[in-house]
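The values are calculated or read from the model by the stated rules, or taken from the named source; none is laboratory data. For clarity, every value in this text was computed on a predicted model and none was experimentally measured. When we count neighbours, we look across all protein chains shown, and the Cβ atoms used for this are built from the backbone with ideal geometry, even at glycine.
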Amino acid sequence: MSDPIDWQGRRQHGTRSSYSGGCRCTPCRQAQAEANRYYDRRKVQEQWGAVPPLLVDAEPSRRHVQALMAGGMGQRRIAEESGVALTVIQRLMGWDTSRPAKKVRPETEAKLFACNPFALADGALIPAGPAARKVRALIAIGWPRLAQAKHLGMTQQNFLYADWDDSHTITVRRDRDIDRMYRQLCMTPGTSVRARNEAQRKGWPPPLAWDDIDAGTLADTEEGDSCTRCDDIEHLLPFESPSHIATRLGYTSPTIAQHLRRHGRPDLAARFERTNQKESA
């Protein structure tokens, strides 16, 4: 918080800034003494590990920025990726003055070290397989190509990703856009029956069928996974309708009831069917 300013635009007495500006009146000297006592106490607390440091050595952060730049990242790109202001980076490196900064805030250091030196530019090309699987998984729960294209600000004619695989490439920016859309929609069933029918015809798994959709790993179909799926249905049933649960899982309601009976949950199957009948009535 900045020190108060009087009506003439001057620093008020009784503040550190007024003392630093040369004033030695009693209120300003008291303000400076109080600040010194605070920082002395803070230094002792930091030494004992009671509080985190207000500032840390800037050298590790400076070396990391140098490594990022050696890897091909410019200062503006580093600022965008890390969330650290460009002026702070310039001050750290000494680009705005002849002297590099000696200290930085711990949160600034953390943000800079979180910046990936191997981060790809938005226009770089990567395999389209993960994005295509996400598009197909959304189709499987009722989100047609047109709805997804509109979500991304595209036309349906240019939205070809559902038919792509790792032999095709996609820009990093578009891959991020599709990933963001997938995370927003993957737990919310769409309304298109035609889209779900297409996915069933072509064998496209829904989101919950994937263990790691980016790696292309489907969830196991062994007994342990089946029990987990039964537990998921039991958890969802008090909060969502059977038809909604079926759409989310990518199956029909009768198929889910049959699955529950097959895996030792006839009680849950009966409850699922009763709820489904009430919903249909």
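Descriptive notes on the structure:
- Odd one out for R133, checked against (1) surrounded by 21 or more Cβ atoms within 10 Å (Cβ to Cβ); (2) touching a helix residue (DSSP H, G or I) at 6+ places or on another chain (Cβ under 7 Å); (3) more than 14 Å from L249 (Cα to Cα): (2)
- Summed over the range 136-153, the residues that are without any contact (Cβ under 8 Å) to a residue 24 or more places away in the chain and within 23 Å of the chain's Cα centre (by Cα) give a count of 3.
- All positions within the range 159-175 that are of a type outside the set (A, V, I, L, M, F, W, C) and under 19 Å from G123 (Cβ atoms): Y161, H168, T169, T171, R173, R174, D175
- If you go through the range 198-217 and keep only what is in a helix (DSSP H, G or I) and at pLDDT below 90, you end up with A199, Q200, R201, K202, P207, L208, A209.
- Filter pass, P53 being part of a helix (DSSP H, G or I) and not acidic (D, E): no
- Residue within the range 104-113 that is in a helix (DSSP H, G or I), small (G, A, S) and surrounded by 16 or more Cβ atoms within 10 Å (Cβ to Cβ) present: no
- Hits in the range 252-281 (condition: free of Cβ contacts under 8 Å to residues at least 24 places away in the same chain and hydroxyl-bearing (S, T, Y)): T252, S253, T255, S280
- Qualifying residue in the range 169-182 (condition: in contact with a Cys (Cβ under 8 Å, 6 or more places away or on another chain) and aliphatic (A, V, I, L, M)): no
- Whichever residue in the range 180-197 is out of contact with any Pro (no Cβ under 8 Å at 6 or more places or on another chain) and in a helix (DSSP H, G or I) and, among such residues, is surrounded by the most Cβ atoms within 10 Å (Cβ to Cβ): R196
- Filtered residue count, the range 163-179, keeping only those that are among the polar types (S, T, N, Q) and either closer than 20 Å to K150 by Cα or assigned to a loop (DSSP other than H, G, I, E, B) (or both): 2
- For the range 218-254, the candidate set comprises residues that are outside any helix (DSSP H, G or I) and among the hydroxyl-bearing types (S, T, Y); within that set, the residue that is modelled with the highest pLDDT is S241.
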